[in-house]
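Okay, structure first, notes after.
Read-outs: derived from the displayed coordinates by stated rules, not from any lab. All values derive from a computational prediction rather than experimental measurement. As a convention, Cβ positions derive from the backbone with ideal geometry for all residues, glycine included, and neighbour counts pool all protein chains shown.
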Amino acid sequence: MSMRTPLAKVRGLGSAKSGTEHFWLQRLTAVANLFLVSFLIWLLFTLAGADYDTVRRTLAKPYIAVLLVLLVLSAVTHMRLGMETIIEDYVHSEWLKVAALLLNTFFAILVGITCVFAVLKLSFGA
């Protein structure tokens with residue numbers, strides 16, 4: 001006999017209600033990063049030794065910019081989730097844990113916004 005409520009059984013979430021989502025989101029971003037980082041490596045090898053105008057024209061192509069923005073978003077999300085797991089597992093003081101989680105989130109947002117701004121600036125020809 002299970003002690004779980006019928007709603008909990010249907011949703012399939014664990015006791016904390018977010019562990020499964022966290023687990024799958026981290027795995028999803030890891031798989032996305034495999035493809036997106038492979039694209040980035042290909043792009044870097046393609047543009048190695050190219051002049052500034054060639055790089056600017058290449059990064060101005062919409063599909064290149066979109067893939068780079070997706071890479072930034074996926075990598076920053078994966079980074080934040082990984083650090084969140086480490087903080088939750090190894091920081092034992094409750095107030096320090098909350099502070100570290102807040103700083104982790106703000107840092108990830110700052111890095112993400114900065115990188116997306118740089119990609120958009122390059123892609124729109126600044």
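For the reader, a short list of remarks on this structure follows.
- Considered as a group, the residues in segment 111-126 that are surrounded by 12 or more Cβ atoms within 10 Å (Cβ to Cβ) and among the aliphatic types (A, V, I, L, M) include one that is nearest to L40 (Cα to Cα), and that residue is V119.
- The set of residues from segment 38-56 being loosely packed, with under 13 Cβ neighbours inside 10 Å and more than 19 Å from L70 (Cα to Cα) comprises F45, T46, A48, G49, A50, D51, Y52, D53, T54.
- Picking from residues in segment 96-110 that are among the small types (G, A, S) and surrounded by 14 or more Cβ atoms within 10 Å (Cβ to Cβ), the one that is farthest from T77 (Cα to Cα) is A100.
- When the test is whether a residue is of a type in the set (V, I, T) and within 10 Å of the chain's Cα centre (by Cα), T77 passes it.
- Residues that are within 12 Å of the chain's Cα centre (by Cα) and among the aliphatic types (A, V, I, L, M) were ranked within segment 80-109; the one that is farthest from W24 (Cα to Cα) is I109.
- Among the conditions (1) part of a helix (DSSP H, G or I); (2) out of contact with any Phe, Trp or Tyr (no Cβ under 7 Å at 6 or more places or on another chain), L67 misses just one, which is (2).
Conditions tested, residue by residue: (1) in a loop (DSSP other than H, G, I, E, B); (2) among the aromatic types (F, W, Y); (3) over 12 Å from the mean Cα position of the chain (by Cα).
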site	(1), (2), (3)
W24	no, yes, yes
R27	no, no, no
A30	no, no, no
I41	no, no, yes
F45	no, yes, yes
G49	yes, no, yes
D53	no, no, yes
R56	no, no, yes
Y63	no, yes, yes
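- Segment 38-54 residues that are within 17 Å of A75 (Cα to Cα) and without any contact (Cβ under 8 Å) to a residue 24 or more places away in the chain, paired with ones that are among the charged types (D, E, K, R) and surrounded by 10 or more Cβ atoms within 10 Å (Cβ to Cβ) (beta carbon under 6 Å, 6 or more apart): none
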